[in-house]
Amino acid sequence: MSDEEYQYEEDIVLYEAADGIATVTMNRPKYHNVQNGRMTYELDAAFKRAVADDNIKVIVLKGAGKHFSAGHDIGTPGRDINDSQDRVTMWYDHANKEGGEFLYVREAEAYLGMCRRWRDIPKPTIAAVQGACIAGGLMLAWVCDLIIATDDAFFSDPVVRMGIPGVEYFAHPFELNPRIAKEFLFTGDRMSAERAYQMGMVNQVSTRERLAADVMALAEKVAAQPRLGLALTKQVINHIEDLQGKRTGMDAAFAWHHFTHAHNELVSGDRLSGFDGKAMAKANKAQADDKGDAST
Ligand code: ZN
């Protein structure tokens, strides 16, 4: 945990709507948009607002500042793992639970449950990714239908370093082919936007200067299509992914994920194997430096 004092942060999620396109912005640039509970529920509210507005055809998700998202909040003063929240999926409160139940219930709602809910938003979604897109950040990009990334964007899931087999929304073998997904997870290395594009994980590579315009051009093109046609096209492709095992595979991965959270607690007394945000960022940076990777 950080020893900085917590100060209430205004506007951690921004919402704008114009010309049939809603733009939802994660706005914790000071913390590289790490996702705490409040951000999760404010993102959900923003998506709901866009879904409910008949004028909105397409939703864009982006991050303010240098990076899209450095993942789940595992160390800022605004981290709120013990707070109760109004739940939106059908789970009970985690905050007063013990043992493995605490984190299982929290993550079933706030991570896996929310990501599945957002993945099935009945309007097309586009992620605009610059800089870091790490772990929980990957989950947010992956739940979007289309991804445009800047040429300096990078993607990684370093969670295996905690002894945990990847993030909660385990889409890796669908986003990448299985052999590349194994390499991505086994090494925890950063994948460049160009490589992600080659693998089909990213639709387009842009630049920092062009990102907003490229995202808007794609959003406008999609927004010109009929609403129901878009909703049903999305639904059928998501359905086919689920028939290919995405949903059931993710259920299995989530159980293993929680076995390892519990194992870590038993062995080291810490569910994350002793890693907080700073320790993880340091280890990630050391690994990238080791590789001569300049994409920080
Ligand atoms: Zn977890």
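The values are calculated or read from the model by the stated rules, or taken from the named source; none is laboratory data. Keep in mind that this is a model prediction, so the values were computed, not measured. In this analysis, Cβ positions are derived from the backbone assuming ideal geometry, glycine residues included, and neighbour counts consider all displayed protein chains.
Observations on the model:
- Number of the condition not met by Val160 [criteria: (1) of a type in the set (A, V, I, L, M, F, W, C); (2) surrounded by fewer than 19 Cβ atoms within 10 Å (Cβ to Cβ); (3) under 20 Å from Val88 (Cα atoms); (4) touching a Leu at 6+ places or on another chain (Cβ under 8 Å)]: (3)
- Listed by position, the strands (runs of 3 or more DSSP E) inside the stretch 1-75 whose residues that are surrounded by fewer than 16 Cβ atoms within 10 Å (Cβ to Cβ) number at least 1 are 13-18.
- Selection status of Asn27, in contact with a Ser or Thr (Cβ under 6 Å, 6 or more places away or on another chain), modelled with pLDDT of 95 or more and closer than 29 Å to Lys278 by Cβ: no
- Pairs where the first residue, in the stretch 268-279, is in contact (Cβ under 8 Å) with a residue 24 or more places away in the chain and the second is of a type in the set (S, T, N, Q) and assigned to a loop (DSSP other than H, G, I, E, B), C-beta under 8 Å, 6+ apart: Asp276/Ser2; Gly277/Ser2; Gly277/Thr76; Lys278/Ser2
- Long-range neighbours under 9 Å by Cβ, at least six apart or interchain, first residue within 12 Å of Arg116 (Cα to Cα) within the stretch 133-159, second within 16 Å of the ligand (Cβ to nearest atom) and modelled with pLDDT under 95: Met139/Gln35; Met139/Gly71; Met139/His72; Leu140/Gln35
- When residues in the stretch 163-184 are screened for being within 16 Å of the ligand (Cβ to nearest atom) and either of a type in the set (A, V, I, L, M) or buried (at least 20 other Cβ atoms within 10 Å of the Cβ) (or both), 8 of them pass.
- Some residue of the stretch 94-101 being closer than 24 Å to Asp145 by Cβ, surrounded by 19 or more Cβ atoms within 10 Å (Cβ to Cβ) and more than 16 Å from the chain's Cα centre (by Cα): no
- Residue that is farthest from the ligand (Cβ to nearest atom), among those in the stretch 140-157 that are in a helix (DSSP H, G or I) and in contact with a Leu (Cβ under 9 Å, 6 or more places away or on another chain): Ala141
- Boolean, Ala223 is surrounded by 13 or more Cβ atoms within 10 Å (Cβ to Cβ), touching a residue at least 12 places away in the same chain (Cβ under 8 Å) and either within 24 Å of Cys133 (Cα to Cα) or out of contact with any strand residue (DSSP E or B) (no Cβ under 8 Å at 6 or more places or on another chain) (or both): no
- Residues satisfying the stated conditions in the stretch 266-276, i.e. part of a helix (DSSP H, G or I) and either within 12 Å of the ligand (Cβ to nearest atom) or of a type in the set (Ser, Thr, Tyr) (or both): Ser268
- If the condition is being among the charged types (D, E, K, R) and either under 22 Å from the mean Cα position of the chain (by Cα) or not in a helix (DSSP H, G or I) (or both), then the stretch 212-265 contributes Asp214, Lys234, Glu241, Asp242, Lys246, Arg247, Asp251.
- Among the residues of the stretch 185-215, the one identified as crowded, with 20+ Cβ neighbours inside 10 Å and over 19 Å from His67 (Cβ atoms) is Leu185.
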